[in-house]
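Notes follow the structure.
No value in this document is a laboratory result; all are computed from the given coordinates. From a predicted model like this one, the values you see are computed outputs, not experimental measurements. Here the Cβ positions follow ideal geometry from the backbone for every residue, glycine too, while neighbour counts run over all protein chains shown.
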């Protein structure tokens with residue numbers, strides 16, 4: 001199960017991170033938000049848009065799209081990223 005967490009950093013800004021069942025952080029906002037509501041909005045945008053996000057494999061020449069097949073769980077592949085909408089919020 002995935003879990004978003006909101007916390008305050010040392011400068012008093014709100015930050016989000018996404019954890020998996022084993023407790024590891026697999027994503028974070030990468031910035032602090034002065035308003036808790038903006039932090040929550042970033043989470044809401046990710047939750048609503050992440051299933052529609054494209055994968056761009058930048059390891060391929062010319063930035064070709066990644067293959068559409070799902071990797072084997074044994075491959076140990078992790079996915080990271082945040083949709084552009086989350087980065088458009090003012091901190």
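For the pair residue 49/residue 26, report the inter-label distance in nm, with labels modelled 7 Å from Cα in the Cβ direction.
Each label point lies 7 Å from its Cα, and together they span 2.0 nm.
Starting from the Cα of residue 58, step 7 Å along the direction of its Cβ; do the same at residue 17; then give the gap between the two resulting points in nm.
With each label point 7 Å from Cα toward Cβ, the separation is 2.3 nm.
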